[in-house]
Amino acid sequence: MHRFAALLAATTALAAPAAAELEKDELTFGFIKLTDMAPLAVAYEQGYFDDEGLFVTLEAQANWKVLLDGVIDGQLDGAHMLAGQPLAATIGYGTKAHIITPFSMDLNGNGITVSNQIWEEMKPHVPLMDDGRPQHPISASALKPVVATYANEGKPFNMGMVFPVSTHNYELRYWLAAGGLQPGYYSPENITGQIGADVLLSVTPPPQMPSTMEAGTIYGYSVGEPWNQQAVVKGIGVPVITDYELWKNNPEKVFGLNADFAEQYPNTTLAVTKALIRAAQWLDENDNANRAKAVRILSQPDYVGADYDVIAASMTGTFEYEKGDKRDVPDFNVFFRYHATYPFYSDAIWYLTQMRRWGQISEAKPDSWYDEVAKSVYKPAIYLEAARLLVDEGLANEADFPWDSDGYKAPTPSEDIIDGIAYDGRMPNAYLDSLPIGLKGDQRVVGAEVQG
């Protein structure tokens, strides 16, 4: 895929003079068919990889595990990754490998969708606006009586998410817990994540979410676009909340590399980061003026492959809930604004707190541990070095980068999160203690119960 264009570029004078200094110039990157892989597609299609002297092949992967394994074993030089994957691999949860990220790919971009049947059962519990439409954001408290009814009838309530360390898993759990539902715990002996659960969560690959729900295997799911809007177009489901409403401008995917790759090929790593920064800028510049072109790129079979209208439904500043209920959500996909591409330590720490909250990290860790892990995986120094080169080349603006940051964002205020609980990445244990559902302090999951 895409090799012809790469070979064509290699035979022309398109490559930058710095290409001779690259340690490796032929690269293969993996991705999953989701809207937020856009920076990779744009960097390729707009020639930003070529400008850096990089000859890149982009390859869609079957699922997140295959993608991660490809980066670990070297079949892939890097990939569009779930932010939890480099962190989990580095601490040895699931797979042990030191994966880093010099580039955060986006903010927001996910939703939680339920089947038409579940939506009809939720609606009596959803507040309405004056015009009769549902008041958003919709709390999982509206789902709670539905789950209770299913439990009374002896029917398990199943929902899908894309991977155990995915944003989608943690966002779905966050939404459920904020509404008073228990999404279940993990333990070293039981990695289903369903210990003590009111709602049973299981893995479904993103493109298969709509069909799996339509078949009745799951009653809803958490996934990135375009697979929430696909349910609306097909008339099989209703997105009840976007992650922008769940946590305003939350971090999403990252670009992941093996730490050995970055150490062995530092100039190549910088060149890749430069191209991705330029792609992110292009995606957001002039108030998203390039989004229609980006949708055309993504709709190609080699990338996301969904219909143009399905991708455009969320990518161009709107989001459709029920059919006909289309609302403006200009920041549903953010690729560069708000320092979206800077790999903040506090973003990494949020993922680690959720791993601890639900038992994937089975024992309590001091705040210093969270800081150390974040710094071993997220690499803002590489990002800023790449940004400096772009500024010096006249390809980026000095004011667009957080040069003086210590890697931590200001605390997310309570009004920007659905449960009204503020998040401060500098105090992970205090944050965990503030959450009403989930492990805190020295608590552990032993057998089927929480102890401590």
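Across the stretch 403-452, what is the number of residues that are among the polar types (S, T, N, Q) and in contact (Cβ under 8 Å) with a residue 24 or more places away in the chain? Step through it out loud before you land on a result.
The first filter runs over the stretch 403-452 and keeps only residues among the polar types (S, T, N, Q), leaving 405, 412, 414, 429, 434, 443, 451.
If we keep only those that are in contact (Cβ under 8 Å) with a residue 24 or more places away in the chain too, we end up with 405, 412, 429, 443.
Number of matching residues: 4.
Among helices (runs of 4 or more DSSP H) lying entirely in the stretch 361-452, which contain 1 or more residues that are modelled with pLDDT of 95 or more and in contact with an Asp or Glu (Cβ under 7 Å, 6 or more places away or on another chain)?
On the way: elements: 367-377, 380-392, 428-434.
By residue number, 380-392, 428-434.
Identify, by number, the condition in (1) touching a residue at least 60 places away in the same chain (Cβ under 8 Å); (2) open to solvent by 10 Å² or more (accessible area, probe 1.4 Å) that GLU372 doesn't meet.
Of everything listed in (1) touching a residue at least 60 places away in the same chain (Cβ under 8 Å); (2) open to solvent by 10 Å² or more (accessible area, probe 1.4 Å), GLU372 misses just condition (1).
If you go through the stretch 130-182, how many residues are under 24 Å from the mean Cα position of the chain (by Cα) and in a strand (DSSP E or B)?
Adding up the residues that qualify gives 4.
Pick from ASP36, ASP69: which is open to solvent by less than 10 Å² (accessible area, probe 1.4 Å) and not in a loop (DSSP other than H, G, I, E, B)?
Numbers: ASP69 fails: open to solvent by less than 10 Å² (accessible area, probe 1.4 Å).
Only one candidate qualifies: ASP36.
Counting only residues that are of a type outside the set (Gly, Ala, Ser), open to solvent by 10 Å² or more (accessible area, probe 1.4 Å) and either farther than 30 Å from MET129 by Cβ or in a helix (DSSP H, G or I) (or both), how many does the stretch 308-334 have?
Counting residues in the stretch 308-334 that are of a type outside the set (Gly, Ala, Ser), open to solvent by 10 Å² or more (accessible area, probe 1.4 Å) and either farther than 30 Å from MET129 by Cβ or in a helix (DSSP H, G or I) (or both) gives 2.
Select from the stretch 78-95 the residues that are part of a loop (DSSP other than H, G, I, E, B) and over 10 Å from the mean Cα position of the chain (by Cα) and list them in ascending order. Spell out how you get there, then give the answer.
Residues of the stretch 78-95 that are part of a loop (DSSP other than H, G, I, E, B), as a first pass: 82-83, 92-95.
Answer for the stretch 78-95, where residues must be part of a loop (DSSP other than H, G, I, E, B) and over 10 Å from the mean Cα position of the chain (by Cα): GLY92, TYR93, GLY94, THR95.
So how many residues does the stretch 281-331 have that are more than 30 Å from VAL391 (Cβ to Cβ), of a type in the set (A, V, I, L, M) and in contact with a strand residue (DSSP E or B) (Cβ under 7 Å, 6 or more places away or on another chain)?
2
Spot the failing condition for LYS293; the list is (1) free of Cβ contacts under 8 Å to residues at least 12 places away in the same chain; (2) closer than 20 Å to PRO134 by Cβ; (3) not hydrophobic (A, V, I, L, M, F, W, C), and only one is missed.
Condition not satisfied by LYS293: (2).
Exactly one of these conditions fails for ASP260: (1) in contact (Cβ under 8 Å) with a residue 24 or more places away in the chain; (2) over 24 Å from SER115 (Cβ atoms); (3) surrounded by 21 or more Cβ atoms within 10 Å (Cβ to Cβ); (4) of a type outside the set (Ser, Thr, Tyr). Give me its number.
Going through the list (1) in contact (Cβ under 8 Å) with a residue 24 or more places away in the chain; (2) over 24 Å from SER115 (Cβ atoms); (3) surrounded by 21 or more Cβ atoms within 10 Å (Cβ to Cβ); (4) of a type outside the set (Ser, Thr, Tyr), ASP260 breaks only (3).
Would a scan of the stretch 106-118 turn up a residue that is buried (at least 24 other Cβ atoms within 10 Å of the Cβ) and over 16 Å from VAL329 (Cα atoms)?
So the first thing to find is which residues in the stretch 106-118 are buried (at least 24 other Cβ atoms within 10 Å of the Cβ), and the list is 106-114.
Checking the rest, the ones that are also over 16 Å from VAL329 (Cα atoms) come to 113-114.
Among the residues of the stretch 106-118, at least one is buried (at least 24 other Cβ atoms within 10 Å of the Cβ) and over 16 Å from VAL329 (Cα atoms), which makes the answer yes.
In the stretch 284-302, what residues are of a type outside the set (Gly, Ala, Ser), surrounded by fewer than 24 Cβ atoms within 10 Å (Cβ to Cβ) and closer than 20 Å to PHE29 by Cβ?
Of everything in the stretch 284-302, those that are of a type outside the set (Gly, Ala, Ser), surrounded by fewer than 24 Cβ atoms within 10 Å (Cβ to Cβ) and closer than 20 Å to PHE29 by Cβ turn out to be ILE297, GLN300, PRO301, ASP302.
Got a number for residues in the stretch 187-208 being under 21 Å from the mean Cα position of the chain (by Cα), at pLDDT 95 or above and open to solvent by less than 10 Å² (accessible area, probe 1.4 Å)?
2
In the stretch 48-66, which residues are open to solvent by 10 Å² or more (accessible area, probe 1.4 Å), at pLDDT 95 or above and not in a helix (DSSP H, G or I)?
Selection gives GLU52, PHE55, GLU59, ALA60, GLN61.
Look at ARG278 and say whether it is assigned to a helix (DSSP H, G or I), free of Cβ contacts under 8 Å to residues at least 24 places away in the same chain, more than 17 Å from GLY224 (Cβ to Cβ) and touching a helix residue (DSSP H, G or I) at 6+ places or on another chain (Cβ under 9 Å).
no
For ALA43, are the conditions met, namely being hydrophobic (A, V, I, L, M, F, W, C), open to solvent by less than 50 Å² (accessible area, probe 1.4 Å) and touching a residue at least 12 places away in the same chain (Cβ under 8 Å)? I'd like the intermediate steps shown before the answer.
On the way: hydrophobic (A, V, I, L, M, F, W, C): yes; open to solvent by less than 50 Å² (accessible area, probe 1.4 Å): yes; touching a residue at least 12 places away in the same chain (Cβ under 8 Å): yes.
In short, yes.
Give all pairs with beta carbons closer than 6 Å in which a residue from the stretch 244-257 that is open to solvent by 10 Å² or more (accessible area, probe 1.4 Å) meets a residue that is in a strand (DSSP E or B) and not basic (Lys, Arg); count only pairs at least 6 apart in sequence or on separate chains.
TYR244/ASN108; TRP247/ILE417; ASN249/LEU107
Every residue in the stretch 347-360 that is part of a loop (DSSP other than H, G, I, E, B) and under 18 Å from SER376 (Cβ atoms), please.
As a first pass, look at the stretch 347-360 and keep what is part of a loop (DSSP other than H, G, I, E, B): 358-360.
GLN360, the sole residue that qualifies.
The values are calculated or read from the model by the stated rules, or taken from the named source; none is laboratory data. All values reported here derive from a predicted model rather than from experimental measurement. Here Cβ is always computed from backbone atoms with ideal geometry, including for glycine, and neighbour counts include all displayed protein chains. These accessible areas exclude ligands, DNA and RNA; they are computed on the full protein's heavy atoms, side chains included. Shrake-Rupley method; radii C 1.70, N 1.55, O 1.52, S 1.80 Å.
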